[in-house]
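The values are calculated or read from the model by the stated rules, or taken from the named source; none is laboratory data. Everything numeric here is computed off the predicted structure, so don't read it as measured data. FYI the Cβ positions are ideal-geometry reconstructions off the backbone, even for glycines, and counts take in every protein chain you see.
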Amino acid sequence: MAQQIEKVGVLGAGLMGHGIAQVAAQAGYEVVLREVDEATLAKGVGKIEKQLARAVEKGKSSQQDADAVRGRIKETIHYRDLADCDLVIEAITENLALKLEMWKEIDEIVKPEAVFATNTSSLAVIDQAAVTGRPGQFVGLHYFNPAQVMKLVEVVRCVTTGDEAFDTALEFARSEGKLAIPTKDKAGFIVNRLLVPYMLDAIRAYEEGVGSVGEIDEAMKAGAGHPMGPLTLADFVGLDTLGSICDVLFEEFRERRFARPPLLRKILSAGWFGRKTGIGFYDYSGESPVENPGI
Ligand code: CAA
């Protein structure tokens, strides 16, 4: 039996967190969105407001509905505002130590019957569940970027997850209009286990001179029907995030297909994280992206 969810806490208003918060508010939930400081919070909320305004402009939403969605999102920099949430979803950076520290604090504050979920892309869900006093009420809820658009949510059951929490998470994702696919707590789950080696292979193909950045992308779009080529997708996911995910997968499986290609390591050393920094495989500073001449 699934638990009743009315109020949802979202930790992190970055690339994933702002989208997760917007989707929950659009589904009618009260949302508390928490960030570390006011500036980062305002940036995330600004993105939500921009998406809502765009939906009104396009005639996909009325101004009244957009205002109602915005009104359901309360922003905060304090954990204490999440105390009466029924579900808390974390979407902070992909760093286990930071996540563990955060869960320990949250666990003390949020009501004991609430379900906790991590949006991790690759870290083991059990490692996070185990530091809370509620490992039976802990799941993975893995959204895809952009969360407002992508249909899938992977719902991850770890070894301690109880049936009620798992059903609650499945029902919650479905109530947002998502396709909820249950999966086990194996690094990368379903999608990243397949998608990450694909993006890494595209980087290796470029390193080996198979094609230019643009040619590899255009080939995969036109030849395999993908909406974005693999290097555009890597920039879109964030090259720092891709680097963290492949490190976790490599550490777990020790297989070459998950290893960081040398070029990715160099791009990251340069501070080129893709779209979020305006430069990655492409330079986004102009009107339309051009291949990064430094690569
Ligand atoms: N937020 C909200 N809506 C957005 C959006 C965003 N960030 N980006 C695009 N959209 C909406 C647009 O408003 C548009 O809506 P309408 O159809 O209602 O007008 C729709 O999405 C299509 O957008 P565009 O016409 O601008 O562009 P597009 O057709 O090229 O689609 C895309 C953009 C949906 C991102 C598409 O290119 C795509 O599906 N790309 C692949 C994305 C993908 O693979 N994501 C998964 C990444 S892996 C991951 O996230 C997991 C992980 O752990 C790393």
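Out of all the residues in region 239-261, which are modelled with pLDDT of 95 or more and either in contact with a strand residue (DSSP E or B) (Cβ under 6 Å, 6 or more places away or on another chain) or of a type in the set (Gly, Ala, Ser) (or both)?
Correct list: 239, 243, 259.
For residue 203, indicate whether it is at pLDDT 95 or above, out of contact with any helix residue (DSSP H, G or I) (no Cβ under 6 Å at 6 or more places or on another chain) and among the aliphatic types (A, V, I, L, M).
no
Yes/no matrix, rows are residues, columns are (1) within 16 Å of the ligand (Cβ to nearest atom); (2) of a type in the set (D, E, K, R); (3) modelled with pLDDT of 95 or more; (4) in contact with a helix residue (DSSP H, G or I) (Cβ under 8 Å, 6 or more places away or on another chain):
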site: 207; (1), (2), (3), (4): no, yes, yes, yes
site: 224; (1), (2), (3), (4): yes, no, yes, no
site: 229; (1), (2), (3), (4): yes, no, yes, yes
site: 265; (1), (2), (3), (4): no, yes, yes, yes
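Given the criterion more than 30 Å from residue 168 (Cα to Cα) and away from the ligand (no atom under 11 Å from the Cβ), identify the matching residue among 180, 187, 202, 234.
Result: 202 is the single residue among 180, 187, 202, 234 that is more than 30 Å from residue 168 (Cα to Cα) and away from the ligand (no atom under 11 Å from the Cβ).
Test residue 187 against the criterion of being surrounded by fewer than 24 Cβ atoms within 10 Å (Cβ to Cβ) and touching a Ser or Thr at 6+ places or on another chain (Cβ under 7 Å), and give yes or no. Talk me through it step by step, then tell me what you get.
Details: surrounded by fewer than 24 Cβ atoms within 10 Å (Cβ to Cβ): yes; touching a Ser or Thr at 6+ places or on another chain (Cβ under 7 Å): yes.
Spelling it out, residue 187 is indeed surrounded by fewer than 24 Cβ atoms within 10 Å (Cβ to Cβ) and touching a Ser or Thr at 6+ places or on another chain (Cβ under 7 Å).
Taking the criterion of being over 21 Å from residue 106 (Cβ atoms), away from the ligand (no atom under 13 Å from the Cβ) and either surrounded by fewer than 19 Cβ atoms within 10 Å (Cβ to Cβ) or within 21 Å of the chain's Cα centre (by Cα) (or both), would at least one residue in region 44-58 satisfy it? Working first, answer last.
Taking region 44-58 and keeping what is over 21 Å from residue 106 (Cβ atoms), we get 46-58.
Subsequent filtering for residues that are away from the ligand (no atom under 13 Å from the Cβ) retains none.
No, there is no match, as no residue in region 44-58 is over 21 Å from residue 106 (Cβ atoms), away from the ligand (no atom under 13 Å from the Cβ) and either surrounded by fewer than 19 Cβ atoms within 10 Å (Cβ to Cβ) or within 21 Å of the chain's Cα centre (by Cα) (or both).
Any residue at all in region 160-181 that is assigned by TED's automatic domain parsing to the domain that holds residue 28, hydrophobic (A, V, I, L, M, F, W, C), in contact (Cβ under 8 Å) with a residue 12 or more places away in the chain and out of contact with any strand residue (DSSP E or B) (no Cβ under 7 Å at 6 or more places or on another chain)?
Looking for residues that are assigned by TED's automatic domain parsing to the domain that holds residue 28, hydrophobic (A, V, I, L, M, F, W, C), in contact (Cβ under 8 Å) with a residue 12 or more places away in the chain and out of contact with any strand residue (DSSP E or B) (no Cβ under 7 Å at 6 or more places or on another chain), one finds none in region 160-181, hence no.
Does region 59-76 hold any residues that are surrounded by fewer than 19 Cβ atoms within 10 Å (Cβ to Cβ) and within 14 Å of the ligand (Cβ to nearest atom), and which are they?
Passing the criteria: 59, 60.
Taking region 110-152 as the region of interest, how many residues are in contact (Cβ under 8 Å) with a residue 24 or more places away in the chain, within 14 Å of the ligand (Cβ to nearest atom) and either buried (at least 18 other Cβ atoms within 10 Å of the Cβ) or part of a loop (DSSP other than H, G, I, E, B) (or both)?
17
Give region 113-134 a look and list any residue that's of a type in the set (Ser, Thr, Tyr) and within 18 Å of the chain's Cα centre (by Cα), or say none.
Listed by number, the residues that qualify are 118, 120, 121, 122.
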